[in-house]
Amino acid sequence: MTTFVDRVELHVAAGNGGHGCASVHREKFKPLGGPDGGNGGRGGDVILVVDQDVTTLLDYHHHPHRKATNGQPGAGDNREGKNGKDLVLPVPDGTVVLDQNGEVLADLVGQGTTFVAGRGGRGGLGNAALASARRKAPGFALLGEPGETREIVLELKTVADVALVGYPSAGKSSLISVLSAARPKIADYPFTTLVPNLGVVTAGATVYTIADVPGLIPGASQGKGLGLEFLRHVERCEVLVHVLDTATLESDRDPVSDLDVIEEELAQYGGLENRPRVVVLNKVDIPDGKDLADMIRPDLEERGYRVFEVSAVAHQGLKELSYALADIVAKARAAKPVQEATRIVIRPQAVDDAGFTVTQEGEGFFRVRGEKPERWVRQTDFNNDEAVGYLADRLNRLGVEAALLKAGARAMDGVAIGPEDNAVVFDWEPSVTAGAEMLGRRGEDHRLEAPRPAAQRRRDRDAERDEAAQEYEGFRPF
């Protein structure tokens, strides 16, 4: 049964925002006390957090669909909906987040590092928040915004200082077991190690981590064997240790050719050219292994490698190797630049940035793209005429109508707001924008054709009174 997974495809869905409430306050002797609809709650986010206690992505392999909770809708009496709870997903240290196209979204290294994989939707405003001097009692509320959904890929790249690389059965697992407290599976057949193993080594004042990478074979960088799956685990390591088997039973192999093959695979994988290398000649406790190590050591040193002869079984040469690796790791750490705190960069919006774009896509068809217009459309209840009118006013104030006119749009042209796969399309009817004809009494908008019987009766009585007064003025007694 699989117990280690280092690459998964994860579907995350943030919570939807709660809908706003359209409500009117009512109580005894006060039937119309004004709007009191509350706002909807915010949807929960999906957050990835590095947790040192997590070492595999196995849980997400079995449960690849994760969703945060939705925000609750608002209610009357100005009661706001409850916010959705954030969904926190623990991931191992060294997890890389990619999109479906392979673009890196985040590299999570260090305890507590976070990344918001999906943002929750905003809650819709209730009619109490939408009330104004012009709209004293809105009969609508805004809908909650849908939460963000994403298909992401999680890849684990082991965070270690030293990586042991080499052919299968070269003795890497035995070496890490004697250098550290790690207890990997050890057997006398190839590909015993199927997952990377980590161990912690203490050498004097230096403490470093060492990783045992599953055995590589020719063609590993192109996907043969297990190499392509686990070569990513050596990317973060400061030192590469070639473990060479000096007592191999295969007649067509020798340590030098094994080294050349592994170096070729590392070069094909790329990005590891500048890492320091150390060569370990293992199994020198066997007579034939010791003789072969003495023969090839001068050749390897001529190539510039530091060579150590060790025996994991007999515990020979381990102390010298451990301290030499500690010295290289300490120098690599000292050469790294000091990590500065993340700077907060504020980028104000440009003066000439309207926040949206209008493009023509064919004869008589235009598309509007922008964060605000698209969000406003998503939050509009198109079954409510007053809500549609409110959307039209907002778009007009933002300058969308003027931009459409400038782009050459005419009445009844098609206008789409949003992306191609999820857009709202309507026939455009430009509003009258001259100005004087829109004026009326304060707080009124004659575009809202709402019947007002009481006001009409009052105007009728005023007209009758004026007519009677004129008749009285025209009467003269003899």
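The values are calculated or read from the model by the stated rules, or taken from the named source; none is laboratory data. A quick note: this is a predicted structure, and the numbers were derived from the prediction, not measured. Here the Cβ is made from the backbone with ideal geometry for all residues, glycine too, and neighbour counts use every protein chain on show. Note: areas computed on protein heavy atoms with side chains; ligands, DNA, RNA excluded. Shrake-Rupley method; radii C 1.70, N 1.55, O 1.52, S 1.80 Å.
Condition first: without any contact (Cβ under 8 Å) to a residue 60 or more places away in the chain, more than 24 Å from Asn197 (Cβ to Cβ) and not in a strand (DSSP E or B). Now tell me which residues in the range 48-71 satisfy that.
The answer is His63, Pro64, Thr69.
Just one of the numbered conditions (1) more than 27 Å from Gly144 (Cβ to Cβ); (2) under 22 Å from the mean Cα position of the chain (by Cα) is not true of Glu27; which one?
If we test Glu27 against (1) more than 27 Å from Gly144 (Cβ to Cβ); (2) under 22 Å from the mean Cα position of the chain (by Cα), just (2) comes out false.
Report, by residue number, each residue of the range 283-318 that is of a type in the set (Lys, Arg) and touching a residue at least 24 places away in the same chain (Cβ under 8 Å). Let's see the steps before the verdict.
Within the range 283-318, the subset of a type in the set (Lys, Arg) is 283, 290, 297, 303, 306.
Correct list: Lys283, Lys290, Arg306.
Say whether the condition of being at pLDDT below 60, open to solvent by less than 90 Å² (accessible area, probe 1.4 Å) and not aliphatic (A, V, I, L, M) is met by at least one residue in the range 444-451.
Within the range 444-451, one or more residues are at pLDDT below 60, open to solvent by less than 90 Å² (accessible area, probe 1.4 Å) and not aliphatic (A, V, I, L, M).
Please state which one of Gly81, Gly147 is of a type outside the set (S, T, N, Q), farther than 30 Å from Gly33 by Cα, touching a Gly at 6+ places or on another chain (Cβ under 7 Å) and not in a strand (DSSP E or B).
Gly147
How many residues are open to solvent by 50 Å² or more (accessible area, probe 1.4 Å) and not β-branched (Val, Ile, Thr) when one looks only at the range 65-89?
Keep residues of the range 65-89 that are open to solvent by 50 Å² or more (accessible area, probe 1.4 Å), which gives 65, 67, 69-70, 72-73, 77-80, 82-83, 85-86, 88.
Filter again for not β-branched (Val, Ile, Thr), leaving 65, 67, 70, 72-73, 77-80, 82-83, 85-86.
The total comes to 13.
Would the range 306-319 turn up any residue that is part of a helix (DSSP H, G or I) and either modelled with pLDDT of 85 or more or not hydrophobic (A, V, I, L, M, F, W, C) (or both)?
Yes, there is a match, as at least one residue in the range 306-319 is part of a helix (DSSP H, G or I) and either modelled with pLDDT of 85 or more or not hydrophobic (A, V, I, L, M, F, W, C) (or both).
Which ones in the range 30-47 are within 21 Å of Gly121 (Cβ to Cβ) and surrounded by fewer than 24 Cβ atoms within 10 Å (Cβ to Cβ)?
Asp45, Ile47
Take Val153 and decide whether it is modelled with pLDDT of 85 or more and surrounded by fewer than 19 Cβ atoms within 10 Å (Cβ to Cβ).
yes
Restrict the check to the range 100-113 and report whether at least one residue is acidic (Asp, Glu), assigned to a loop (DSSP other than H, G, I, E, B) and more than 30 Å from Gly33 (Cβ to Cβ).
Within the range 100-113, one or more residues are acidic (Asp, Glu), assigned to a loop (DSSP other than H, G, I, E, B) and more than 30 Å from Gly33 (Cβ to Cβ).
What are the residue pairs meeting all of these: first residue in the range 376-399, first residue of a type in the set (Val, Ile, Thr), second residue open to solvent by 30 Å² or more (accessible area, probe 1.4 Å), Cβ atoms under 8 Å, and 6 or more apart or on different chains?
Final answer for the pair search is Val377/Val424; Thr380/Leu143; Thr380/Val388; Thr380/Tyr390; Val388/Phe382.
Restricting to the range 116-150, give me the number of residues that are open to solvent by 40 Å² or more (accessible area, probe 1.4 Å) and within 21 Å of the chain's Cα centre (by Cα).
7
In the range 295-319, which residues are among the β-branched types (Val, Ile, Thr) and open to solvent by less than 60 Å² (accessible area, probe 1.4 Å)?
Keep residues of the range 295-319 that are among the β-branched types (Val, Ile, Thr), which gives 296, 307, 310, 313.
Answer for the range 295-319, where residues must be among the β-branched types (Val, Ile, Thr) and open to solvent by less than 60 Å² (accessible area, probe 1.4 Å): Ile296, Val307, Val310.
One residue is enough: does the range 42-62 have a residue meeting the conditions at pLDDT 90 or above, over 17 Å from the mean Cα position of the chain (by Cα) and farther than 25 Å from Gly112 by Cβ?
Checked against the condition, which is being at pLDDT 90 or above, over 17 Å from the mean Cα position of the chain (by Cα) and farther than 25 Å from Gly112 by Cβ, the range 42-62 yields no hits at all.
Answer with yes or no whether Asp93 is acidic (Asp, Glu), under 22 Å from Asp45 (Cα atoms), out of contact with any Lys or Arg (no Cβ under 7 Å at 6 or more places or on another chain) and outside any loop (DSSP other than H, G, I, E, B).
No; evaluated as a whole, the condition is false for this residue.
Restricting to the range 394-416, and then to whatever is closer than 9 Å to Phe366 by Cα and out of contact with any Gly (no Cβ under 7 Å at 6 or more places or on another chain), can you tell me which residue is surrounded by the most Cβ atoms within 10 Å (Cβ to Cβ)?
Restricting to residues being closer than 9 Å to Phe366 by Cα and out of contact with any Gly (no Cβ under 7 Å at 6 or more places or on another chain), the top hit is Val415.
Within the range 233-292, track down each residue that is open to solvent by 50 Å² or more (accessible area, probe 1.4 Å), in a loop (DSSP other than H, G, I, E, B) and either touching a helix residue (DSSP H, G or I) at 6+ places or on another chain (Cβ under 6 Å) or hydroxyl-bearing (Ser, Thr, Tyr) (or both).
Ser251, Pro276, Lys283, listed by residue number.
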